[in-house]
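K.L.:
The following block contains the structure, expressed as structure tokens.
The values are calculated or read from the model by the stated rules, or taken from the named source; none is laboratory data. This one's a predicted model, so the numbers in the text were calculated from it and none came from an experiment. Only protein heavy atoms, including side chains, enter the accessible area calculation; ligands, DNA and RNA are left aside. Shrake-Rupley method; radii C 1.70, N 1.55, O 1.52, S 1.80 Å.
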Amino acid sequence: RLLRFAWGEHWTVTWRLEPEGRGTRLLLTHAGFGPDEDLIRGIMNGGWRSTVMRRLVDALERSNAG
């Protein structure tokens, strides 16, 4: 239900599964950015949305098909 790991010196990435209705919600938290690091935050958010989440959906679809 919970996986958390350190990434670099200050960052942590947390994946949390929570029941929702008849399914499950995946929550991703990438922490360790300061309030003045908007450029870094924007770059990382784009990567999570465009690459990681897409690949996760693909993997889940393949696992449900088999």
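K.L.:
Of everything in segment 7-52 that's open to solvent by 60 Å² or more (accessible area, probe 1.4 Å) and β-branched (Val, Ile, Thr), which residue is nearest to the chain's Cα centre (by Cα)?
P.N.:
Ranking the qualifying residues of segment 7-52, first place goes to Thr29.
K.L.:
Taking segment 53-66 as the search range and keeping residues that are part of a helix (DSSP H, G or I) and among the small types (Gly, Ala, Ser), which one is least open to solvent (accessible area, probe 1.4 Å)?
P.N.:
If we take residues in segment 53-66 being part of a helix (DSSP H, G or I) and among the small types (Gly, Ala, Ser), then Ala59 is least open to solvent (accessible area, probe 1.4 Å).
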